[in-house]
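Notes follow once the structure below has been shown.
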Amino acid sequence: MASEASYDDIADWYEEEFLGRQQVLAGIDLDDGDPLGIDRTMRALLGRGEGLCLELGCGTGANAAAVRMLGWTPVGIDLSAGMLRYSRGRLPAIQADAERLPVGDSSVSAVIAMMVHTDMPEYPAVLREAARVLRSGGVFVHIGVHPCFCGSFADRSDPAAVLIRPGYLTRHRSTSSWNTKGLRNKVGATHRPLSDLLQAMLDTGLVLEKFAEGGRPTPVVLAVRARKPE
């Protein structure tokens, strides 16, 4: 996971500016409060349910209200104490490492990871933990930046013609970003090719059920729903 200090240092900026600022991307309706479809996709893939829904890397708890509206009881973990200061009142959350969840086996009905896998260098270990704590039949939802079209190798300065430079095929961590006012140039990002990401999900034993992409004209977000076998 990205270092605790990285997010502690930017927690105020993240809550007050990053989350509050509309993302200006060419070809996207700026009146849409969910321009990349992240919230809509989460609702569609998670669906209505009940029981505990654990959010990995919950940050400031910005997704808790949407999870609760679907009938779930949101709980969260995050490594950053600074981010968790803002989560109070939004969901119960504790400071913990997603690679070693302080959660019992088969104890939650759903797990979500929202735009966090690039902050977790050992994401395969995180996925194994998600599978461990899920009950049989439980659902896992991954929503993250699209590994094919986002990263230090992807020049998105012209959204109508994204330029892919060498670097996609290798796993790496970088603070380079085409957007100098965004998050990734502040805390960096770990890149995994699409094949590595999907293989890590399959290796947990979870059954992949559904995929979605968000953002246009070139996708920015990749989403996956998986389920723990009965």
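Values in this text are rule-based calculations from the coordinates and carry no lab data. This is a predicted model, so every value here is computed, not measured. Cβ sites come from the backbone with ideal geometry, for glycine too, and all protein chains shown count toward neighbours.
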*asked:* I'd like the projected area of the chain, averaged over all directions, using the convex hull of its alpha carbons. Report it in nm² with one decimal.
replied: 11.3
_Rounded, prolate or oblate (a/c below 1.5 giving rounded, otherwise prolate when a/b exceeds b/c) for segment 102-197 by Cα gyration tensor_ = prolate
_Whole-Hz ³J(HN,Hα) for each residue in segment 215-230, computed from phi via Karplus 6.51 cos²θ - 1.76 cosθ + 1.60 with θ = phi - 60°, x for glycine and proline: what do you get?_
x, 8, x, 10, x, 10, 10, 10, 10, 9, 10, 9, 9, 7, x, 5
*For the chain, what is the percent of antiparallel DSSP beta bridges, rounded to the nearest 5?*
50
*For segment 116-130 and segment 56-82, what is the separation of their C-alpha centers, rounded to whole Å?*
17
_Cβ neighbours within 10 Å, averaged per peptide: list 62-72, 132-142, 160-170 in order, most packed at the top._
132-142, 62-72, 160-170
*With θ set to phi - 60° and the Karplus curve 6.51 cos²θ - 1.76 cosθ + 1.60, what are the ³J(HN,Hα) couplings of segment 65-71 in order, to the nearest whole Hz, using x for Gly and Pro?*
4, 5, 4, 5, 5, 7, x
*Of the options Gly57, Ile112, Pro92, report the single residue whose Cα projects farthest towards the positive end of the charge dipole of segment 50-133 (beta-carbon charges: Lys, Arg +1; Asp, Glu -1).*
Pro92
*Quick one: grab the alpha carbon gyration tensor of segment 184-223, order the square roots of its eigenvalues as a ≥ b ≥ c, and give me rounded if a/c is under 1.5, else prolate or oblate depending on whether a/b is larger than b/c.*
oblate
*Could you work out the per residue convex hull volume over the alpha carbons of segment 28-136, in cubic angstrom?*
113
*Treating the beta-carbon of each Lys and Arg as +1 and of each Asp and Glu as -1, no other charges, what is the dipole magnitude of the chain about its Cα centre, to the nearest 20 debye?*
400
